[in-house]
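Here is the structure we will look at, set down as structure tokens.
We did not get these values from a lab; they are worked out from the coordinates using the rules stated. Since the structure is predicted, the reported quantities are computational estimates derived from the model, not experimental observations. In this analysis, Cβ positions are derived from the backbone assuming ideal geometry, glycine residues included, and neighbour counts consider all displayed protein chains.
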Amino acid sequence: MVEAIRSVDPEVAALIEAEERRQANTIRLIASENYASSAVLSATGSVLTNKYSEGYTNKRYYQGQEVVDQIERLAIDRACDLFGAEHANVQPYSGSPANLAVYYAFCEPGDTVLGLGLPHGGHLTHGWKVNFSGRFYNAVQYSVRPDTELIDYDEVRALALEHRPKLIVAGITAYPRVVDFAAFAEIAREVGAKLLCDIAHISGLVAAGVHPSPVPHADAVSSTTHKTLRGPRGGMILCRKEHAKAINRAVFPALQGGPHNHTTAALAVALKEASTEQFKQYAQQVVTNSKVLCEGLQEAGFRLVTGGSDNHMCVVDLTPRGVFGKPVARALEKAGIVCNYNTIPYDPRKPFDPSGIRLGTPSVTSRGMKEGEMRQIASWIDRAASNMDDEAALATIAGEVAEMCAQFPAPGLPQH
Ligand SMILES: *Cc1c(COP(=O)(O)O)cnc(C)c1O
């Protein structure tokens with residue numbers, strides 16, 4: 001693939017190869033990232049990118065859809081089968097546009113929506129001030145409890161009764177525990193709100209049955225396709241039949257033009273991969289690895305937000321070690337370990353220089369790393385946090401990291 005680019009544009013080809021090396025030689029712990037398979041990457045890079053297909057299967061505004069219609073139908077059928085949904089829209093360009101479409105379908109501008117606050121682990125699109133969801137809607141935000149750091153379902157219910165939202169959003173971006181979608185559904189029913197469950201982070205775990213599914217409880221379920229689901233960058237919406245028309249109209253023509261057919265094809269491939277026994281084992285190992293990584297970090301004196309992890313991510317409070325998120329994330333990068341700095345609930349520090357880091361195991365698990373490697377990673381994080389200003393010590397860790405990475409070839413990457 002890169003050969004074809006090199007003959008036209010050596011500059012970009014060299015940069016892509018540099019990124020391949022970076023992804024091959026580092027421990028990638030960003031919780032929203034993964035390694036798509038070669039099959040998914042190939043479909044993404046296919047000639048389907050050349051085709052315009054505004055509309056939906058058998059109802060298009062351009063001719064020449066005999067192939068694209070079959071591809072989109074496959075993706076829809078596979079999504080419905082895998083998640084047990086009545087309807088799927090596979091056209092959203094990504095997770096944020098998928099959420100925008102659900103808001104558009106269920107709410108009018110100015111309506112009240114209730115979502116988890118960003119500083120408590122919610123996403124920007126769940127009503128945060130600087131996002132469309134906080135600007136065009138009357139966003140009310142619920143939080144996690146200060147003592148347990150778990151979603152405060154009593155507060156969700158109290159706020160719902162007080163503000164009578166049109167839409168309740170249940171979903172997480174930085175929250176290491178199971179979300180009780182049934183509890184959200186009960187509250188939504190009580191106040192007559194619609195329920196959107198946003199499983200962008202956990203859709204792979206839901207598909208594999210290692211996190212409870214929101215599909216039986218929600219009016220709509222939105223997701224990205226590139227996080228734990230391990231597909232191409234994209235989005236999708238699952239919903240009940242009764243909402244199919246409103247959701248479809250919101251995606252097209254209200255918010256988008258032509259669907260990205262190459263992405264739809266890659267999603268179909270990813271959904272097929274995600275329906276295998278192998279993927280179930282992968283998702284189980286993602287969760288096991290997250291728990292073991294947490295334990296290793298706890299033993300090294302870090303504090304885990306909520307005390308541990310039930311999903312693919314750990315939110316680490318660095319305070320007991322006397323260090324902060326941003327410098328630690330930078331030191332880890334020099335040590336070949338890539339993560340993001342993150343606020344902890346009720347963080348006394350600023351979001352741009354917070355008390356924590358967020359780690360996730362989807363990528364390392366895709367490389368076949370298991371419990372032993374997680375313990376090794378925890379001990380590297382411990383060492384890096386103790387030697388943040390020692391460039392030589394960090395470089396030594398980076399060398400050890402690259403050595404271990406070489407033993408675990410990543411899906412989709414050529415071996416350099
Ligand atoms: C990642 C994420 C999104 C947004 O996805 P993009 O593809 O980055 O737009 C939406 N909701 C949640 C909960 C997420 O974690």
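Things worth noting here:
- Charge dipole of the chain about the Cα centre (unit charges at C-beta), most positive-ward option of PRO414, PHE132, ILE247: ILE247
- Taking 15 Å as the straight-line reach from the Cα of LYS241, the aspartates and glutamates in range (excluding those fewer than 8 positions away in the same chain) are ASP77, ASP81, GLU86, ASP219.
- Kyte-Doolittle at least 0.0, axis length at least 18 Å by Cα - qualifying DSSP helices, the chain: 66-83, 261-274, 391-406
- Sites SER7 and LYS245 - FRET efficiency at Förster radius 56 Å, r taken between beta-carbons, to 0.05: 0.75
- Order of MET374, MET388 under a 10 Å beta carbon neighbour criterion, fewest first: MET388, MET374
- Cα-based values for the range 42-274, radius of gyration first and Dmax second, are 17.3, 59 Å.
- Across LYS166/LYS272; LYS194/LYS227; LYS227/LYS370, pairs whose alpha-carbon gap is larger than 30 Å: LYS166/LYS272
- 20 Å tail of the calculated P(r), the range 286-406, as % of Cα pairs: 37
- Counting 0.36 nm for each residue step from ALA18 to HIS163 and taking away their Cα separation leaves a gain of 47.1 nm.
- Taking the Cα centre of the chain as reference, the dipole from Cβ charges on Lys and Arg (+1) and Asp and Glu (-1) amounts to some 620 debye.
- You can think of it this way: the chain between ARG135 and LYS326 has 65.9 nm of extra reach, that is 0.36 nm per residue less the Cα-Cα gap.
- For LEU167, the residues whose modelled amide H falls within less than 5 Å of its own, excluding neighbours fewer than 5 places apart on the same chain, are LEU114, LYS194.
- A cut-off of 5 Å between modelled amide H atoms, ignoring neighbours fewer than 5 places along the same chain, links TYR142 with GLY115, LEU116, GLY117.
- If R0 is 30 Å, the Cβ-Cβ spacing of GLU108 and GLN63 corresponds to a FRET efficiency of close to 0.25.
- For GLY336, no residue 5 or more places off, or on another chain, has a built amide H under 5 Å of its own.
- Against the rule of thumb 2.2 N^0.38 Å, how large the Cα Rg of the chain comes out: 0.99
- When the chain is treated as a Gaussian network with alpha carbon springs shorter than 10 Å, the biggest mean-square fluctuation among GLY95, GLY122, GLY209 belongs to GLY209.
- Between the alpha-carbon centres of the range 353-414 and the range 67-118 there is a gap of 35 Å.
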